[in-house]
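The values are calculated or read from the model by the stated rules, or taken from the named source; none is laboratory data. Only a predicted model underlies this, so the values are computations on that prediction, with no experimental measurement involved. Cβ coordinates were reconstructed from backbone atoms using ideal geometry, including for glycine residues, and neighbour counts include every protein chain displayed.
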Amino acid sequence: MRSRPDAELVSPTARTSPGGERDGREAVVALRGVSKSYVRGSSTTRVVDEVDLTAAQGECVFLLGPSGSGKSTLLSIIGCVLTADCGDVRIMGCDVSRLSQDEAAILRRQHIGFVFQRFHLIRGLSAVENVAVPLTLAGWTAPRARRRASELLAMVDMSELLDAQPSRLSVGQCQRVAFARALAADPELILADEPTASLDAKTGHQALELLRRMTVAAGKTVIVVTHDPRILSFADRILHMENGRVEERSGDDDMMLAAVSHPTLELASTS
C-alpha cells in the first residue's frame, strides 16, 4: 500500500463526490459542460467550450487537434492546474470546484502524474533526484524516495545513469526520466502533453510503447495530447478538439488521416 502522508487534508465531502462510470468502469476523469475563456484587453476568447469528457480507469485516451484548439488548456483543467470558468470537473470522484488551492495541490501531488513536452527536468539534479522530487514533496524520507526512484529508473532501463544530470542525457533518456518521475507517487491518472514532440520517429514509438507498458498493467488512466499520427494506435479511444469543442472519432478514421497526411510513414503498432 502506498503512503499518503497528507491524504486527509483533502475534504472528505469533495473526495467522495461520485465521478460516474464509462463502459462499466469507474470514471477517473469526468467533465460536464466545462468552459474556459481568456480575456486580452477588450477581447474574450473561449478556448474550451462546454466540453464533456470521461476517461475510465485503465483507459488511454488521445486528444488530437490543431494548435490553438484548446487541448493544452483542457489538459491543465483536468490536471487541476487551471480552474474552469463553469461546468463540473471531477477527478477521482473529487469535485474540484469544492477544493481549496492547498487541497487541489494535494490532489495533483497524490493522484496525477505529468509528462511535459520539454520534460521540465531540474538542472543540477541527477536523474534519480529528479524522479524523487514528487516523493520528497509528499513527505517521503530522502532514502526511501531514492529507493523508489531507483526502482522506477530500472524499469525504464536507466539503472546505469542514476547520477547523471539532464545535460549528460540524450533526448530519449530525458523522456524516460520524465516517465519515471510521472509514475513516482503511483498516481491513478497520467497526463502527457505532446510526449513525442521532441523525439524522432523510432524514439517516439519506443517512448509510447514504454508508457503503455508501465501504465496498462497497473490499470492507470492516461490522457495524451498529441499532433503525432504515428502513435495513434497506442490509444484506446481518440478524441478530436477544434475551436474549443471535443468530439469522438473512430481510430480507423484517424489512422486513414495519418496515412494520407504522411504516406511514407509506417504507423506505430502495439502488436
Subset of the range 70-128 that is part of a loop (DSSP other than H, G, I, E, B) and charged (D, E, K, R) - its residue that is nearest to T44 (Cα to Cα): D85
Among the candidates L75, L125, L99, L161, residue that is modelled with pLDDT of 95 or more and touching a helix residue (DSSP H, G or I) at 6+ places or on another chain (Cβ under 6 Å): L161
Test result for L208, crowded, with 17+ Cβ neighbours inside 10 Å, touching a residue at least 12 places away in the same chain (Cβ under 8 Å), more than 15 Å from the chain's Cα centre (by Cα) and on the phi < 0 side of the Ramachandran plot: no
Sort out which residues of the range 189-203 are buried (at least 21 other Cβ atoms within 10 Å of the Cβ) and in contact (Cβ under 8 Å) with a residue 60 or more places away in the chain, and write them in order of number. L189, I190, L191, A192, P195
Taking the range 148-180 only, how many residues are out of contact with any Lys or Arg (no Cβ under 9 Å at 6 or more places or on another chain), part of a loop (DSSP other than H, G, I, E, B), under 24 Å from D193 (Cα atoms) and of a type in the set (D, E, K, R)? 0
